[in-house]
Each structure stands twice: as structure tokens, then as C-alpha cells.
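The values are calculated or read from the model by the stated rules, or taken from the named source; none is laboratory data. The shown structure was predicted, so the numbers you read here are calculated from the model rather than taken from an experiment. The accessibility values were calculated without ligands, DNA or RNA, using every heavy atom of the protein model including side chains. Shrake-Rupley method; radii C 1.70, N 1.55, O 1.52, S 1.80 Å.
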Amino acid sequence: MTSIDVRPEPTDAGAFPAGFTWGAATSSYQIEGAVDVDGRGPSIWDTFSHTPGRTRDGDTGDVAVEHYTRYREDVALMAELGLAAYRFSVAWPRVMPQGRGQVEQRGLDFYRRLVDELLDKGIAPWLTLYHWDLPQALQDEGGWTARDTAARFADYTAVVVQALGDRVPHWSTLNEPWCSSLLSHQAGLHAPGERDGARAARAVHHLLLAHGLGTQVLREAAAPDVGLTLNLAPIDPAGDSPADLEVQRRVDGQMNRMWLDAVLLGRYPDDVVADLEAAGAPLPVQDGDLAVISAPLDWLGVNYYFRNRVVGGSTSGKPSPWIGGQDYEEVEPTGPATSMGWGIAPDGLRELLGRLRDEYPPVPLVITENGSAWDDVVSADGAVHDPARVDYLHSHLTAAGAALAEGVDLRGYFAWSLLDNFEWAQGYAKRFGIVHVDYATQQRTPKDSARAYADVIRRHQAAHA
Ligand code: FCB
């Protein structure tokens, strides 16, 4: 691909060390489509998206961007952009349609073909085992509120690592357990769409237990590089009154510390445990669980999009993702925002990475998602001009570079997302891709941001040649 004139390029590609990993990310339900082929069982997202009123315009992942049949074309695009790595997820219900027991070889074969295609193009596969598409059959038995689901996840992990362990170097257990627990069981905005704090707290702990048990399985199978991806964010109090600071403490507890302390320190923070108990939503911890959950990681994945601003008092009537959070809420950002309404705050990324360095034991960090949604259109010249996404990319890479200069052990960056796709409850209305997809024709068009990213990667390579 020839370099085109996109925008000035503030990113100092030389600020990134030689072995830095440049990639892009997707997830199974958001891109694959083909929900009823090759023996795939239903997932909670099939059920949820087909329930009236749950997703914008009733959109579903039934077709998505047909990656299941177009994966070769998509890998060719990645190669054209010069990506060194691709982060994708495996759909549990393709591999085990009932969530347990029977293994569907055709599902495993799809991922083997995908991985072989990547390897053939010199692109490193980064495989995530769970990006939210739980088999519906397990949901019918309680889903993440049931402790048994963590054991089922370990079985599923064993099947996948046995099939692909010889060719996948980088493994991740879960993507954003905050979303699969608090957003899904407390706020009810994601599948399975429950609003029950006690069940949400159970999901929190069982997801972390699944991560720990899955990690054990991966270690036994000698998977070389094992991590976990969390969505984290700085929490800003609206003011500095004691009430505001108390809200900040509570939200930071459930957004950041509950996950980080469990995984990196082997304990839940005392104040969070107390908050949850006071809300009638205790974490169902059994002896030995936290030792399993805190087994050493090779890397921690950080998904960063925005800073959260919180205030005491709740007036909007929005469902709260915070357990016991009925008397406080998040407020809209004050500055510029993306089409998701998410504030643009590259400084938050730098701050977050610095906090991880300062407050936790050393662990290599990887930005496993970062990106922005805009109302992109294909122009008369056939291109997609997305200067705001280019700016977002450059400003966040500049922040990542600054964190590196400040001693943060950052190993890689994955743009969310490779392709426009099914943005969960927002359906197809929000476009995060660096590659545009025309949903009527499935035509892929790299946006200016894809070319800008390709330039960053090329300049980085040149700086270290
Ligand atoms: C993250 C999800 C990802 C995508 C982005 C925008 O929370 O991991 O699937 O939806 O947000």
C-alpha cells in the first residue's frame, strides 16, 4: 500500500522499543456472522440481540461482517497494513455448542484455518478465549452466577489449547470481565441483561475464578504467553467535597481495584468487600480461590477508552453498573467526545499506565484495545476520511510513548477495531473500524486512519532497522 497524505504525524514512532507489538483487535460475535453453520450452538448474545428492545434497531450478529467466510480477505488486509499481530476471540459455542461435553470439530477447524492464514502472512495470533459469547445452554444453568461455569470454562480452554496450542503463541483468558459481570448483570445493558447486584457480584468472582482455572490449564499445556484483558479507567470526582471523594473511591473500587488487586495482589480490597456486603451482594469467595486467581501472568491487557467522571446523587434514571450505586452516577464528559459520547482523554491512558507501574507488582502491559467511533462515510473519491480517528490514534499513541519514557513496561498496542462491526447494544450504528465495512455489500475500505496506522508501523520499523 502506498503511503498517502493523511495528516501531520505527531507520533514519534522511534519512542517505541524495537520489539513493540503493533496489532488490531476484533471479537467473534462482533464480526463472524454465520451463527447457525457448522454446528455452532446459540450464545447469550444471540438470545439477547433477538430479544426486542435490547439492541439498537434490533440489530443482531447473525450476519455481522461475514468474517467466518471472508477471513482470508481480512487477513490479507491486515498484511497490507503491516500489522504484526491480530487479537481475535474464539466463540465458545462454535467449539462446544452446549458449553460442555460434545466438541464441534468444524468450529475448531475454522480457527485453525484462520490461525494458519495469519501465520502464513507473518502475523502473530493473539487468541482470547472469552469475549462475551457464553453458550446459552450454560446460561440456562445460571451462567456466570454459577460457580460451575468457571470449571466449564477450564474444560473449554483445554479443548482449544489442545487444538491450537501448537500454533498460537499468545493466549488470553477473558476480555473485560467488568462488562460480563457489572454491565451485564447489574446494569442489564449487555447479555444476559439482568439487573441484580447479588448476581452481578457472583459473576465477578466466578469470571475471575474462570480466569485462574483457565490459566492453570494453559500453563499445563505449556502455552508460552498467557494474559488477561481488563477495561480500566481513571475515575475523576466531579468536585473535591468528601462526598465526591467517597463516590470516587467506590467507583474506582469496582472499576479498577477489585480486578487488579485480585489478579495482581491475590486479595479483594477490604473497602470493596465491605461496599458489596453492605449492598447485599457479597463476593462468593471460597478457600484457595484467590491463590488460583492471582497466579502469575505473562502480561496484563489494558483496554482504554475514556476517563469516568462521577458525581454523588442520581438524577438521570440511567441503569447503574455499580453495585449499591443508586446514589451516584457517571456524568457526560465536559470536553470533546466521540460518537459514543465518550470523552477524548489521552492523558487518562498515560495516567492509568503510570498507576499500574506505581501501585502494582511489575507485569508487562499491553494495550489490547483503544479506539474511537465516528460517523464515517465513503466519500465521492471512494476513500473514508476520518481525521478525528487519526487524531485519536496519534494522541493516544503519543500518550503511550510518554508512558514508556516514564518507565512503564508497555509491550504492545492493538487498535480497536480492525473492522467496523456489531457494537453490542449499539448494533451497527457505531463504527470503530480502521477499515470501513459497507454492510449492504460487505465491501471493506481501509479508512485514512488505517493508512495512518500503517505509517506509524512502517516508521517504527524504519527507526529500528
Ligand atoms: C470494549 C469491548 C469491545 C468493543 C469496544 C468498543 O468494551 O471489549 O468488544 O465493543 O469496547
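Over the chain, average the accessible area per residue using a 1.4 Å probe and give it in Å², no decimals.
Working: 16360 Å² over 465 residues.
Ligands and nucleic acids excluded, the result is 35 Å² per residue.
The calculated 222 nm mean residue ellipticity attributable to helices in the chain amounts to -11000 deg cm²/dmol, summing -39500 (n - 2.57) over DSSP H runs of n ≥ 4 and dividing by all residues.
Report the relative contact order of the range 335-465, percent, no decimals, based on alpha-carbon pairs under 8 angstrom and at least 6 residues apart. Display every interim value, and only then the final one.
Numbers: 178 pairs, mean separation 34.3, N = 131.
Answer for the range 335-465 is 26 percent.
Here the accessible area is traced with a 1.4 Å probe on the protein chains. For the chain, carbon and sulfur cover 51 percent of it. Listed by chain and number, the lysines whose alpha-carbon sits under 25 Å from that of Lys447, ignoring those within fewer than 8 places in the same chain, are Lys121, Lys430.
Dividing the Cα radius of gyration of the range 13-463 by 2.2 N^0.38 Å, with N the residue count, gives 0.91.
Considering Cα pairs under 8 angstrom that are at least six residues apart, work out the relative contact order of the chain and quote it in whole percent.
Computed over the chain, the figure is 19 percent.
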